[in-house]
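The values are calculated or read from the model by the stated rules, or taken from the named source; none is laboratory data. Computed from a predicted model, the values in this text were never measured in an experiment. All Cβ positions, even for glycine, are placed from backbone atoms using ideal geometry, and neighbour counts span all protein chains on display. For accessibility, only protein heavy atoms count, side chains too; no ligands or nucleic acids. Shrake-Rupley method; radii C 1.70, N 1.55, O 1.52, S 1.80 Å.
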Amino acid sequence: MRSLFRFHGGVKPATNKAASTSEPIVKAPLPPRLVVPLHQSIGGTPHPLVRAGQRVLKGELIGAADGNVSSAVHAPTSGLVTAVEPALMAHPSGLTMLSVIIEPDGEDRWAELDRLNYKSTPPDELRDFVRDAGIVGLGGAVFPTHLKMNPGREGRTRTLVLNGAECEPFITCDDMLMRERAAGIVKGTAILRHLLQADEVLIGIEDNKPEAVAAMQTAVRAEGESMEVVAIPTRYPAGGAKQLIRVLTGIEVPHGRRSTDFGVQCFNVGTAYAVFEALTCGHPLISRIVTVAGNVDRPRNYEVLIGTPMSDVVRLSGQRTDTTRYLMGGPMMGMRMPGFDVPVVKATNCILVASDALFPPPPPEQACIRCGECARACPADLQPFELYWFSRAKNFGKAQEYNLFDCIECGCCAYVCPSHIPLVDYYRFSKSEIWARERDKSASDQARERFEFRNFRQEREKEEKAAKLAAKAAETRAKLATEPAVDGAAATPAADAAEDPKKALIAAALARAQAQRAAAQPKNTDNLSAETQAEIEQIEARRRTTGNAPASGPAPAGTGASAPDTQP
Amino acid sequence: MIHSPYIRKPASVQRVMGTVLVALLPGLAAYVWQFGAGILVNLALASVAAIAIEALVMRLRKRPVALAVGDLSAVVTAWLVVLSIPPIVPWWITLLAVIISIGVAKHLYGGLGQNPFNPAMVAFCALIVAYPALMSQWPGAGQLDFAAQLDLILGGARQPDGITAATALDALRTGMRSGASVGTVFSGNSAFGIAGGRGWEWVAAGYALGGLILLGTRVITWHLPAAFIAMLAVVSGLFWLIDPAQHASPLFHLASGGAMLAAFFIVTDPVSGATTPRGKLIFAAGIALIAWLIRSFGAYPDGIAFGVLLMNICVPLIDMKTQPPVFGHRGGNS
Ligand code: SF4
Ligand code: SF4
């Protein structure tokens, strides 16, 4: 038996997983319309490669990765592109996002597929292949997988952790995937291991999924791989990447650091399966397993094409009439969807159908009695109530000092709080305020820099003008000096008299300009820009430690505010 | 709009406070058994007064009344106040105690969760300074029947000439002042029982039992009672070992006065106490140390209340200096 480690805190809500695991995974039928958002991962938004009116084949690239920190998007089935237009995102903000709307032709005809033998392909090519297959972290963080397929600095990874913990209540997509497709997962893991040069592979599964543990163990043996399937104690959020790494290896990856710095890399089981499908079958990521649970008659797992409207999937499970909303994800960290017809995206592990009876609004918020329950439940070892007091008082500096950005928004604190304080909401508020301020600050820094540069330019232009003037004067003088030889001496004194004050003026201006330049140049170029630079670096450093670059746009669905490698 | 998490543990302030009330019952039962039912009169009076004051203040502050009264926190404060003061104080002392604790110490600072000082201890300190005589008339075990107690409680501030016996702590103090050794003081006075004051050891045991309930239901953590008891035992034990003639034993200290009530119910007040694990240890140990110092060298027979208030002042500093390391920032992490 491997000796396991524990992480502080955590909670044990009712798991509610039995209902959706009684039936096998089933393919959801083709919907009449698919809405495929182009931005489905952390990083750049892919460019659309198709136009309205164009026919596409299943698996055809419709959005190319925008740079390396991005991931491609494909047509989930064959059909007609009816529009490329903004559509409602699977995100609580209610914002829209450029999406490709496809009307399936029902033939489900595959495009020509590329396969790869991973053993004979150079790593760079493999990574590009995975990027172009659109594979992202399927645990919910949707971080582009190819970016994680790198052995760390030492060119070797000590431990490859496969995350099959699935700690959130209601969600069972990973459980069912492991039960039914364990061989594929193990094969995909072997590919990841090859790329990472990992010494050991640990597959962490919460011990409330004995079937999945057994299936994975059988598959590991059948594939002849040396991987260890480890049943870990069931305790939310054991499936958070950092918590799982802690439980399996004892290593605590601090906020803002990558686990590879500690020789560990972590992938979700679904991601490993997607890698296997992409390399051995050539299938890009166009579908995923989605749990439909909550306020439905028959909770179940479906294999759903990306872009399928959520209501089309939920209907299969028999949505009850008192349904009020859908949540994407589980009851602890899930996001409320802005509508019923938002599309299933790569981050959609679960559509949790909610009603007021199932998830009643919390009782009225009371005062914090500093009971410390929240601190005892916090897996990040924070003092949630202190963060709450600071957030309430809008004392954001203090909140940051008390490690606000180490909060993974797991919700444990709010879950246990006897005063029913929506603690996580306070942290979200504080975080967004701090981001907004830093964005403003960096914007104003840029503006100041621009302003200072203009000053410098104007100064320089003035100097140049003065210099030009001086040169011209010198020229005239030289000309005048040569003239007497031709025109006689009489003209010279007059000219000299006329020239002299001018000359003095010019000389003075020149000297002034030089002095100014001497004074101004370092001030405008060296000192200040160094100062600005330092400031910029400071902000950058802070941002690095907080791990949050200001988002260039709305966050993609499913990212929350956690570190990119967090896959709870 | 409701955000995650969408599920919550069935926990509430009401449940926490209700558990505290239940946990007080064993101690209360022992109290009634040993000292008579008079305490129940004051307890009932205080409970009603507490609810009335809480409701009144909440109405004046234009806050939801039902929520505040329903959370039972006022009743808990009232019970703790009554259990801290002598059981036969006249009714208006009880009333005054509740007004000070809830009206002043709690609501003047902003109500539930905002008070920097332990409300029950504020009331205790204020009253012992203002009415030292009434506040030290503790009855001996089985000394007064219910009618006599009722008479004292409802009859106003009649001087209880010779009715009450000196408590064990009092007797010890007076005895020591007169130059006697601990042994002679103990053997010559009926105030001393098996471990502490006569009858009080049972009440202390009841409180300790209640403390176990609180620990078992996770309303409190071990840190506060453990640090309090350990500190009191260690410091009194040290001096007892050095000079048993001049100092009472640790067992006596622990079983006397409000030590057990304090260990499990008073120093564990979450609002005014330290919150970090290390902070709790420092906070409770500090109270125990101050209490022992006052018991041994101070002007009052018991010093727990003053210890609590003094340590309340230090709480922000203690909490700030004892922030536990957050995930991944622990020393020794590779
Ligand atoms: S659990 Fe709630 S009431 Fe208790 S300390 Fe935390 S925030 Fe305050
Ligand atoms: S949401 Fe943040 S503060 Fe609350 S328990 Fe989770 S990590 Fe801790």
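Worth a mention:
- At an R0 of 25 angstrom, the distance between the Cβ atoms of A:Glu223 and A:Lys27 translates into a FRET efficiency of 0.50.
- With both labels modelled 7 Å from their Cα along Cα-to-Cβ, the A:Glu433 to A:Arg320 distance reads 3.9 nm.
- Shielding by partners for peptide A:416-427, expressed as the average number of C-beta atoms from other protein chains within 10 Å of each residue's C-beta, is 4.
- Cross-link partners of A:Lys58 among lysines (Cα-Cα below 16 Å; sequence separation of 8 or more within a chain): A:Lys27
- In terms of packing, defined here as the mean over residues of other Cβ atoms within 10 angstrom, the peptides A:381-393, B:138-150 line up highest first as A:381-393, B:138-150.
- Spin-label proximity, B:Gln246 to the stretch B:286-325 - amide N less than 15 Å from point 7 Å beyond Cα toward beta carbon: B:293, B:296-298
- Average Cα contact separation per residue, the stretch A:171-259, under 8 Å, 6 or more apart, as relative contact order %: 28 percent
- Sparse packing (at most 10 other Cβ atoms within 10 Å of the Cβ) combined with a DSSP loop state is found for the following trypsin sites (Lys or Arg not before Pro) in the stretch A:100-160: A:Arg153.
- Computed FRET value (nearest 0.05) for A:Glu107 with A:Gln446, which takes r as the C-beta separation and R₀ as 60 Å: 0.70
- For A:Thr218, solvent-accessible area (1.4 Å; no DNA, RNA or ligand), Å²: 80 Å²
- Buried between B and A is an accessible area of approximately 4200 Å², summed over both sides with a 1.4 Å probe.
- In the stretch A:125-186, the GluC sites (Glu not before Pro) that fall in loop regions by DSSP, at most 11 other Cβ within 10 Å: A:Glu154
- Computed helical MRE - 222 nm, chain B, DSSP H runs ≥ 4 contributing -39500 (n - 2.57), nearest 500: -18500 deg cm²/dmol
- Distance from the Cα centroid of the stretch B:267-281 to that of the stretch A:279-312 is 49 Å (rounded to whole angstrom).
- The alpha carbons of the stretch B:11-165 occupy a box of 47, 31, 23 Å along the principal axes, longest dimension given first.
- FRET efficiency, 1/(1 + (r/R0)^6) with R0 51 Å, evaluated for A:Ala471 and B:Leu317 via beta carbons: 0.10
- Cα-projected label distance for A:Arg457 with B:Ala230, points at 7 Å along beta-carbon direction, nm: 6.9 nm
- Straight-distance candidates among the lysines for linking to A:Lys468, with alpha-carbon spacing under 25 Å and chain neighbours fewer than 8 residues away dropped: A:Lys479, A:Lys502, A:Lys503, A:Lys523.
- Per-residue shielding of B:318-329, expressed as the average number of other chain Cβ atoms within 10 Å of the residue Cβ, stands at 6.
- In terms of packing, defined here as the mean over residues of other Cβ atoms within 10 angstrom, the peptides B:57-69, A:435-447 line up highest first as B:57-69, A:435-447.
- Low-density loop positions, trypsin sites (Lys or Arg not before Pro), the stretch A:1-101 - DSSP coil, at most 11 other Cβ in 10 Å: A:Arg2, A:Arg51
- Each of A:Met310, B:Met17 has its accessible area taken with a 1.4 Å probe; listed largest first, they run B:Met17, A:Met310.
- Sequence of B:Thr276, A:Thr321 when ordered by accessible area, the most exposed leading, probe 1.4 angstrom: A:Thr321, B:Thr276
- Each Lys and Arg adds +1 at its Cβ and each Asp and Glu adds -1 at its Cβ; summed about the Cα centre, the stretch B:11-165 shows a dipole of about 620 debye.
- Legend: residues A:Glu475, A:Glu252, sorted from most to least accessible area (1.4 Å probe; ligands, DNA and RNA excluded), read A:Glu475, A:Glu252.
- For chain B, averaging the sequence separation of C-alpha pairs within contact (under 8 Å, six or more residues apart) and dividing by the residue count gives a relative contact order of 19 percent.
- Taking 0.36 nm per residue of sequence separation and removing the Cα-Cα distance, the A:Thr280/A:Asp356 pair yields an extension gain of 22.9 nm.
- Between B:Arg278 and B:Ala52, the modelled label-to-label distance comes to 4.8 nm, taking each label 7 Å out from Cα in the direction of the beta carbon.
- The fraction of accessible area contributed by carbon and sulfur in the stretch A:118-282 is 47 percent, rounded to a whole number (1.4 Å probe; ligands and nucleic acids excluded).
- The packing ranking, built from the mean of other Cβ atoms within 10 Å per residue, places the peptides B:78-91, A:358-371, B:258-271 in the order B:258-271, B:78-91, A:358-371, highest first.
- Simple Cβ-charge dipole of the stretch A:118-282, Lys/Arg +1 and Asp/Glu -1, about Cα centre, in debye nearest 20: 340 debye
- Per residue accessible area in Å² of the stretch B:35-101, where ligands, DNA and RNA are left out and the probe is 1.4 Å: 36 Å²
- Under the convention that each Lys and Arg Cβ holds +1 and each Asp and Glu Cβ holds -1, the size of the dipole of chain B around its Cα centre is about 1080 debye.
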